[in-house]
Amino acid sequence: MSHNNDRDWLDIYRAAAMEFDRSKLPASIDVAEKAIHQRLRVLPIAHCKEHRELRDALNSLAVLKRML
C-alpha cells in the first residue's frame, strides 16, 4: 500500500470510524490498521505528536473491533 500524502492514513481511519455498514466494517478496519502501521514504519521518531495520533487511532479501531 503506497500513499502520496503522509496523512492519507487519517482519511482511511476516518472512513473506517464512520462506516455504518456492519458487514463492511471489518474490512474497513483492516485497511485502516494497515495504513496506520505503514505510516508508523516510515515516520521518523521525531514526530511524537503524529506517533500519538497513530497509536490513538489504533486504539480506537481496537474498540470498534470489540464492538462487532
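The values are calculated or read from the model by the stated rules, or taken from the named source; none is laboratory data. Since the structure is predicted, the reported quantities are computational estimates derived from the model, not experimental observations. Positions of Cβ are backbone-derived with ideal geometry, glycine not excepted, and every protein chain shown enters the neighbour counts. Keep in mind that these areas ignore ligands, DNA and RNA; they rest on the heavy atoms of the full protein, side chains included. Shrake-Rupley method; radii C 1.70, N 1.55, O 1.52, S 1.80 Å.
Structure notes:
- For segment 58-68, the tally of residues that are in a helix (DSSP H, G or I) and in contact (Cβ under 8 Å) with a residue 12 or more places away in the chain stands at 5.
- Segment 24-57: number of residues that are in contact (Cβ under 8 Å) with a residue 24 or more places away in the chain, loosely packed, with under 15 Cβ neighbours inside 10 Å and over 17 Å from residue 5 (Cβ atoms): 1
- Within segment 43-52, not a single residue is more than 8 Å from the chain's Cα centre (by Cα) and closer than 22 Å to residue 67 by Cβ.
- Top-ranked residue in segment 7-23 [being out of contact with any helix residue (DSSP H, G or I) (no Cβ under 8 Å at 6 or more places or on another chain) and part of a helix (DSSP H, G or I); ranked as most open to solvent (accessible area, probe 1.4 Å)]: 14
- Within segment 26-46, tally of residues that are in contact with a helix residue (DSSP H, G or I) (Cβ under 9 Å, 6 or more places away or on another chain), farther than 10 Å from residue 16 by Cα and either of a type in the set (Val, Ile, Thr) or outside any helix (DSSP H, G or I) (or both): 3
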